[in-house]
Amino acid sequence: MADGTISRAPELAWWQREAFYEVYPRSFQDSDGDGVGDLRGLLRRLDYLAWLGVGAVWVTPFYPSPQRDFGYDVSDYCAVDPTMGTLEDFQRLVEEAHRRGLRVVVDLVANHTSSEHPWFVESRKSRHSPRRGWYVWRDPGPRGGPPNNWLSFFGGPAWTFDPETGQYYLHQFLPEQPDLNYRNPEVVRAMEEVIRFWLDRGADGFRVDAAWLLVEDEHFRDEPPNPAWRPGMRERDRLLHPYTEDHPDTHQVLRRFRAVLESCHRDAVLIGEVYLPFAQLVRYYGTREEPECHFPFNFALVELPADRWTAHGLRAVVEAYEAARPEWAWPGWVLGNHDRPRVATRLGEDGSRLAHLLLLTLRGTPTLYYGDELGMVDGPVQPHRVRDWAGFREWGGRWCRDAARTPMQWDASHHAGFTTGEPWLPVNSDFPQRNVASQQADPRSFLHLVRRLLWMRRSHPALVAGGFVPVGSEEGVLAYRREHGPEAFLVALNFSTRPAHLAAQGEVVLSTHLDREGLERHVPLRPREGLVVRLRP
Ligand code: GLC
């Protein structure tokens with residue numbers, strides 16, 4: 001293992017070279033026994049993240065919040081929620097992260113505030129409030145109901161009536177998350193101040209929450225029905241969303257955010273949360289002259305159904321993305337996040353090993369979700385333990401986001417070492433076997449696989465800066481070359497349950513089973529095995 005000998009690809013920026021790691025701070029590490037993770041807890045675990053080999057931590061919201069959507073309902077953008085710590089804790093976290101060579105990226109919950117944010121409290125006071133125009137207020141529709149048929153992600157209409165002033169306000173998510181009005185330049189300026197605030201405190205960039213939803217149709221037209229909707233699909237998908245998603249004016253806002261970033265801190269990164277097909281997704285890079293995100297998250301691997309995790313299905317995804325992306329734009333890849341079922345639940349342990357080999361050898365910035373490096377699975381959250389009612393409704397009760405947010409499994413002690421108190425969500429019952437400590441002690445564990453991959457990626461510019469060249473191979477095997485300068489690697493993933501061979505000669509440097517290395521001719525591949533082979537020059 002090449003720890004310490006990081007061979008940087010000097011032509012690339014840190015956010016291209018390094019892997020990102022998403023921390024959901026409520027669930028990562030508690031430091032004070034209240035059962036909720038916090039910034040000091042995260043601070044204690046920075047050595048683990050440095051050991052693992054990621055280069056940046058994206059911390060989901062820790063700002064003051066009534067916690068209706070666990071921090072995605074912000075009531076003060078420029079402070080820390082008391083359950084999470086203090087602003088001083090944040091600054092220490094950043095300093096200590098930087099000392100270890102780790103960057104810290106924070107969430108910019110730009111689309112909406114909490115209904116308890118002073119801006120909204122003021123806005124709802126009267127139709128003449130100076131902040132009225134900071135949110136989207138409309139008179140009732142002609143028949144007295146909501147102004148139009150728009151639907152919320154979390155079920156029901158996207159409008160709530162405010163009896164005090166006799167108007168409806170817009171919320172793409174919960175009624176407690178009113179949408180800001182980005183047609184008002186004061187709102188854009190206020191959010192720019194938020195960006196400056198966190199950059200001044202050492203943040204290395206932002207993940208823009210709901211970036212594809214910032215602006216809606218100014219004529220408030222009804223959305224058309226979705227002919228493909230079937231019972232069992234999300235309620236919001238009864239409609240198509242030409243007027244509430246991906247509005248062209250959204251790009252102007254993102255360009256402004258990027259410009260502020262560039263003006264204060266040329267090295268900071270802007271990542272967008274964007275759930276759209278590739279052709280629309282890639283517009284969130286902006287243009288070379290007017291850039292927007294350094295990269296929008298590419299959720300294709302999160303959304304690909306398990307039965308399409310085949311050599312054929314994956315090649316199609318990678319090629320479609322590559323074809324849609326402007327040549328100058330840097331790719332990104334993700335396997336999971338706090339809103340979706342975990343990758344090990346979707347694909348099983350061996351499928352998830354293959355998926356991590358793919359994530360960490362594709363061209364582009366990889367983002368890992370906490371606990372996925374252990375093969376953590378979704379927790380069986382019983383209905384009486386559901387905390388995320390919003391997400392429960394969003395998925396029509398079929399799944400609950402809590403399942404992917406259970407506490408990090410550090411060791412086999414009480415509550416997996418997450419807290420000395422009562423954890424806010426139950427710890428998964430597999431924690432005595434599946435935890436950081438036990439996997440650190442087992443050289444073939446999932447954790448060691450992910451760590452080896454992360455360090456391998458860091459140590460070889462070919463795996464970061466190198467081109468991506470698909471290679472013909474046997475049925476069921478996805479194979480590609482990555483090369484840069486004198487180095488060339490062949491990556492091969494056998495998604496089938498049959499053995500296969502590679503028409504290549506080289507040195508196996510890693511197997512997803514971590515049980516073989518060395519020189520081979522016509523490299524044999526076991527069923528469901530992935531390999532990285534260093535090719536002879
Ligand atoms: C994003 C977040 C999700 C949150 C929603 C509303 O999709 O990832 O957790 O509920 O935005 O802020």
| query | Restricting attention to the stretch 137-168, and to residues there that are within 16 Å of the ligand (Cβ to nearest atom) and in contact with a Leu (Cβ under 8 Å, 6 or more places away or on another chain), which single residue is nearest to D69 (Cα to Cα)? | reply | F154
| task | Determine if the stretch 327-341 includes at least one residue that is among the basic types (K, R), under 23 Å from F446 (Cβ atoms) and in contact (Cβ under 8 Å) with a residue 24 or more places away in the chain. | result | yes
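This table checks each residue for (1) under 23 Å from M191 (Cα atoms); (2) acidic (D, E); (3) in contact with a Lys or Arg (Cβ under 9 Å, 6 or more places away or on another chain).
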{"site": "H112", "(1), (2), (3)": "yes, no, no"}
{"site": "E122", "(1), (2), (3)": "yes, yes, yes"}
{"site": "P130", "(1), (2), (3)": "yes, no, no"}
{"site": "G145", "(1), (2), (3)": "no, no, no"}
{"site": "N148", "(1), (2), (3)": "no, no, yes"}
| query | Taking the stretch 37-60 as the search range and keeping residues that are in a loop (DSSP other than H, G, I, E, B) and open to solvent by less than 10 Å² (accessible area, probe 1.4 Å), which one is farthest from the ligand (Cβ to nearest atom)? | reply | G53
| message | Of everything in the stretch 485-537, what is hydroxyl-bearing (S, T, Y), open to solvent by less than 10 Å² (accessible area, probe 1.4 Å) and assigned to a loop (DSSP other than H, G, I, E, B)? Give them in sequence order. | response | T512
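Please determine whether any residue of the stretch 129-140 is polar (S, T, N, Q), within 16 Å of N111 (Cβ to Cβ) and in contact with a helix residue (DSSP H, G or I) (Cβ under 8 Å, 6 or more places away or on another chain). Steps first, please.
Restricting attention to the stretch 129-140, the residues satisfying the condition of being polar (S, T, N, Q) are 129.
Add one more test, that the residue is within 16 Å of N111 (Cβ to Cβ), and what stays is none.
No: zero hits.
For the stretch 261-302, what are the residues that are under 19 Å from T244 (Cα atoms), of a type in the set (F, W, Y) and open to solvent by 10 Å² or more (accessible area, probe 1.4 Å)?
Step one: filter the stretch 261-302 for residues under 19 Å from T244 (Cα atoms), giving 272-284, 296.
Add one more test, that the residue is of a type in the set (F, W, Y), and what stays is 275, 278, 284.
Listed by number, the residues that qualify are Y275, F278.
Do we find that A416 is on the phi < 0 side of the Ramachandran plot, surrounded by 21 or more Cβ atoms within 10 Å (Cβ to Cβ), out of contact with any strand residue (DSSP E or B) (no Cβ under 6 Å at 6 or more places or on another chain) and assigned to a helix (DSSP H, G or I) in this structure? If you could, list the steps in order and put the result at the bottom.
Numbers: on the phi < 0 side of the Ramachandran plot: no; surrounded by 21 or more Cβ atoms within 10 Å (Cβ to Cβ): yes; out of contact with any strand residue (DSSP E or B) (no Cβ under 6 Å at 6 or more places or on another chain): yes; assigned to a helix (DSSP H, G or I): yes.
Criteria not met by A416.
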| note | Across (1) surrounded by fewer than 22 Cβ atoms within 10 Å (Cβ to Cβ); (2) without any contact (Cβ under 8 Å) to a residue 40 or more places away in the chain, Y168 clears everything bar (1)
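Table: residues versus (1) within 32 Å of the chain's Cα centre (by Cα); (2) in a loop (DSSP other than H, G, I, E, B).
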site	(1), (2)
R143	no, yes
P147	no, yes
G155	yes, yes
Y169	yes, no
P175	yes, yes
V187	yes, no
| task | Exactly one condition in (1) at pLDDT 95 or above; (2) within 16 Å of the ligand (Cβ to nearest atom) is not met by E373; state its number. | result | (2)
| task | Output the residue which, of all residues in the stretch 358-368 that are open to solvent by less than 10 Å² (accessible area, probe 1.4 Å) and assigned to a loop (DSSP other than H, G, I, E, B), is nearest to V469 (Cα to Cα). | result | L362
| Residues being in contact with a strand residue (DSSP E or B) (Cβ under 6 Å, 6 or more places away or on another chain) and either closer than 19 Å to L463 by Cα or without any contact (Cβ under 8 Å) to a residue 12 or more places away in the chain (or both) - total across the stretch 495-515 | 9
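Residues checked against (1) part of a loop (DSSP other than H, G, I, E, B); (2) at positive phi; (3) open to solvent by 40 Å² or more (accessible area, probe 1.4 Å):
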{"residue": "R393", "(1), (2), (3)": "no, no, yes"}
{"residue": "W399", "(1), (2), (3)": "yes, no, no"}
{"residue": "Q409", "(1), (2), (3)": "yes, no, no"}
{"residue": "T420", "(1), (2), (3)": "yes, no, yes"}
{"residue": "W424", "(1), (2), (3)": "yes, no, no"}
{"residue": "Q439", "(1), (2), (3)": "no, no, no"}
{"residue": "L447", "(1), (2), (3)": "no, no, no"}
{"residue": "R452", "(1), (2), (3)": "no, no, yes"}
| task | Just give me the residues in the stretch 343-357 being farther than 14 Å from V450 by Cβ and either crowded, with 23+ Cβ neighbours inside 10 Å or free of Cβ contacts under 8 Å to residues at least 12 places away in the same chain (or both), in sequence order. | result | G348
| field | Lone unmet requirement of (1) open to solvent by 10 Å² or more (accessible area, probe 1.4 Å); (2) on the phi > 0 side of the Ramachandran plot for E327 | value | (2)
| Does M376 count as over 29 Å from G232 (Cα atoms) and open to solvent by less than 40 Å² (accessible area, probe 1.4 Å)? | no
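Let me confirm something: among W389, W395, which residue is closer than 30 Å to M233 by Cα, within 16 Å of the ligand (Cβ to nearest atom), free of Cβ contacts under 8 Å to residues at least 12 places away in the same chain and among the hydrophobic types (A, V, I, L, M, F, W, C)?
W389
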| message | List the helices (runs of 4 or more DSSP H) inside the stretch 264-357, counting only whole elements, that have at least 1 residues being within 16 Å of the ligand (Cβ to nearest atom). | response | 278-281, 300-303
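Being more than 16 Å from the ligand (Cβ to nearest atom), free of Cβ contacts under 8 Å to residues at least 40 places away in the same chain and not hydrophobic (A, V, I, L, M, F, W, C) narrows it down to one residue among E95, E88; which is it? Full working, then the answer.
Values: E95 fails: free of Cβ contacts under 8 Å to residues at least 40 places away in the same chain.
Residue meeting the stated conditions: E88.
On the basis of being in contact with a helix residue (DSSP H, G or I) (Cβ under 9 Å, 6 or more places away or on another chain), at pLDDT below 95 and surrounded by fewer than 22 Cβ atoms within 10 Å (Cβ to Cβ), does R385 make the cut?
Working: in contact with a helix residue (DSSP H, G or I) (Cβ under 9 Å, 6 or more places away or on another chain): yes; at pLDDT below 95: yes; surrounded by fewer than 22 Cβ atoms within 10 Å (Cβ to Cβ): yes.
It is true that R385 is in contact with a helix residue (DSSP H, G or I) (Cβ under 9 Å, 6 or more places away or on another chain), at pLDDT below 95 and surrounded by fewer than 22 Cβ atoms within 10 Å (Cβ to Cβ).
Mind telling me which of the residues D209, D204, D107, D200 ends up being acidic (D, E), open to solvent by 20 Å² or more (accessible area, probe 1.4 Å), in contact (Cβ under 8 Å) with a residue 60 or more places away in the chain and under 28 Å from Q91 (Cα atoms)?
Numbers: D209 fails: open to solvent by 20 Å² or more (accessible area, probe 1.4 Å); D204 fails: open to solvent by 20 Å² or more (accessible area, probe 1.4 Å); D107 fails: open to solvent by 20 Å² or more (accessible area, probe 1.4 Å).
From the options D209, D204, D107, D200, the qualifying one is D200.
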| (1) in a loop (DSSP other than H, G, I, E, B); (2) within 15 Å of the ligand (Cβ to nearest atom); (3) in contact with a Phe, Trp or Tyr (Cβ under 8 Å, 6 or more places away or on another chain): which one isn't true of S115, the others all being true? | (3)
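The values are calculated or read from the model by the stated rules, or taken from the named source; none is laboratory data. Treat the numbers as computed from the prediction; the structure is a model and nothing was measured. Note that we place each Cβ from the backbone using ideal geometry, even for glycine, and neighbour counts take in every protein chain shown. These area figures cover heavy atoms from the full protein model, side chains too; ligands, DNA and RNA do not enter into them. Shrake-Rupley method; radii C 1.70, N 1.55, O 1.52, S 1.80 Å.
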